[in-house]
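Quick one: this structure, given as structure tokens, is what I'll be asking you about.
The values are calculated or read from the model by the stated rules, or taken from the named source; none is laboratory data. Keep in mind it's a predicted model, so treat the numbers as computed, not measured. Cβ coordinates were reconstructed from backbone atoms using ideal geometry, including for glycine residues, and neighbour counts include every protein chain displayed. The area values use the complete protein model at the heavy-atom level, side chains included, leaving out ligands, DNA and RNA. Shrake-Rupley method; radii C 1.70, N 1.55, O 1.52, S 1.80 Å.
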Amino acid sequence: MHVHVGLPERDRVMPVLSALLNHYPHLQALSASSPIWAGIDTGYASNRALMFQQLPTAGLPFQFETWSEFEAFTHDQLKTGVIDELNEIRWDVRPAPRLGTLENRICDGVSDFTDMAALVALMHCLVVDLDTRLAAGETLPTMPPWHVQENKWRAARYGLDAIVILDAESNERLVTDDLADLLERLVPVADRLGCSDELALVADIPSRGASYQRQRAVAERTGGDLVAVVDSVVRELRAGLG
């Protein structure tokens, strides 16, 4: 999922990326769809998030202040052979220099097209809002890396029931409560972008259940039949393909 940032103002990319991490748990909790691994419910809403970060170039991005710092990092990675190409940096959110975009890799696989439309609208509105505020001279809010890391774990473990850290002052809130206020704040942005209907769909995900919750509901109804769980996900995808 690529969202355009106002380039060639390259130094706006890194502040927007770092500020976007404040909303990492919202995106992860809404999209969480991998509670099961090797036939067992792991207890996590997004087991994928924690497994994938084990790769040395995956997981949370570093929080650089300027584009030149990111260039220095990639130079070191290439020179030392950690990567052969830039696309081997597989962060959860990463710059795509060739396209001038930020790529969102936070979300789990999404089988429901309504969920997909909602998540795309939310990501689009967040990035445009942050970029617009930065361009107007605002210093964007960020959190220290240890808060971002903790939020990732909480959202992966508890999904929409996660209590997340909101800011550098360590204030906390239930993610769905904070999401409601976030959506209200983004309404003017969505109006401007023409995705008001899609952004409104975000509020429906907690009410009808995120994918991990729907999968667990099927497992409970069928006595733990994982084939039935997979079939339910396939049905969602086929329904979207129409």
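Out of the chymotrypsin sites (Phe, Trp or Tyr not before Pro) in region 26-62, which ones are loop residues according to DSSP with at most 16 other C-beta atoms within 10 Å?
Those that pass, being in a loop and sparsely packed, are F62.
Would you work out what percent of the accessible area of the chain, with all protein chains in place, is carbon or sulfur (probe 1.4 Å)?
54 percent
Would you kindly calculate the mean projected area, averaged across all directions, of the convex hull enclosing the Cα atoms of region 1-143, in square nanometres?
Computed as one quarter of the Cα hull surface, the answer is 9.4 nm².
I'd like the antiparallel share, as a percent to the nearest 5, of DSSP beta bridges with both residues in the chain.
About 80 percent, rounded to the nearest 5.
For region 123-134, just list the computed ³J(HN,Hα) in residue order, Karplus coefficients 6.51, -1.76 and 1.60, θ = phi - 60°, integers in Hz, with x standing in for Gly and Pro.
Rounded to whole hertz, the list is 4, 4, 5, 4, 5, 5, 4, 5, 5, 5, 5, 5.
Sticking with this structure for a sec: Tell me, what ³J(HN,Hα) does each residue in region 66-81 have, in order and in whole Hz, if you take phi through Karplus 6.51 cos²θ - 1.76 cosθ + 1.60 with θ = phi - 60° and put x for Gly and Pro?
Whole-Hz 3J(HN,Hα) from phi for region 66-81: 10, 5, 5, 5, 5, 4, 5, 4, 5, 4, 5, 5, 6, 5, 8, x.
In debye, nearest 20, what is the charge dipole magnitude of region 84-240 about its Cα centre with +1 on Lys and Arg Cβ and -1 on Asp and Glu Cβ, if you could check?
320 debye
Given region 167-242, what whole percent of its Cα pairs are spread farther than 17 Å?
When every Cα pair of region 167-242 is considered, 62 percent fall beyond 17 Å.
Can you give the translational diffusion coefficient of the chain in µm²/s, computed by Stokes-Einstein from the Kirkwood radius over Cα pairs at 20 °C and 1.002 mPa s?
Rounded, D is 115 µm²/s.
With a cap of 13 neighbouring Cβ atoms within 10 Å, and only residues DSSP puts in a loop, list the trypsin sites (Lys or Arg not before Pro) found in region 5-99.
Sparse-neighbourhood loop trypsin sites (Lys or Arg not before Pro): R98.
Further question on the same structure: Report the full-extension gain for the segment E85 to D161: residue separation times 0.36 nm, less the Cα-Cα distance, to one decimal in nm.
The span from E85 to D161 would gain 23.5 nm if fully extended.
What are the residues whose amide H is under 5 Å from the amide H of A58, where those residues sit 5 or more places off or on another chain and H is modelled from the backbone?
For A58, the qualifying residues are R90.
On to the next question. Determine the percent antiparallel among the DSSP beta bridges restricted to region 1-138, to the nearest 5.
75 percent
For the chain, what does -39500 (n - 2.57) per DSSP helix run (n ≥ 4), summed and divided by total residues, give at 222 nm, in deg cm²/dmol to the nearest 500?
It comes out at -16500 deg cm²/dmol, rounded to the nearest 500.
Something else: Report the residues of region 28-56 in range of a label on E172: point 7 Å along Cα→C-beta, backbone N strictly under 20 Å from it.
28-30, 44-46
Report the extension gain between S196 and A136 in nm, rounded to one decimal, defined as 0.36 nm multiplied by the number of residues separating them, less their alpha carbon distance.
Stretched fully, the S196-A136 segment lengthens by 19.3 nm.
OK, next. Which semi-axes, in whole Å and largest first, does the equivalent ellipsoid of region 45-129 have when worked out from the alpha carbon gyration tensor as the square roots of 5 times its eigenvalues?
The equivalent ellipsoid of region 45-129 has semi-axes of 26, 17, 10 Å.
Classify region 12-66 as rounded, prolate or oblate from the Cα gyration tensor: take a ≥ b ≥ c as the square roots of its eigenvalues, call it rounded if a/c is under 1.5, otherwise prolate when a/b beats b/c and oblate if not.
Here region 12-66 falls in the oblate category.
Now for a separate question. Charges at C-beta only: +1 for Lys and Arg, -1 for Asp and Glu. How large is the resulting dipole of region 43-126 about its Cα centre, in Debye rounded to 20?
Computed charge dipole of region 43-126: roughly 100 debye.
Something else now. On a C-alpha basis, how far is the centre of region 192-215 from the centre of region 44-100 in Å? Whole number, if you could?
Centre-to-centre (Cα) distance: 28 Å.
Follow-up. In region 104-205, which GluC sites (Glu not before Pro) are in a loop and have at most 14 other Cβ atoms within 10 Å, using DSSP for the loop call?
E138, E169
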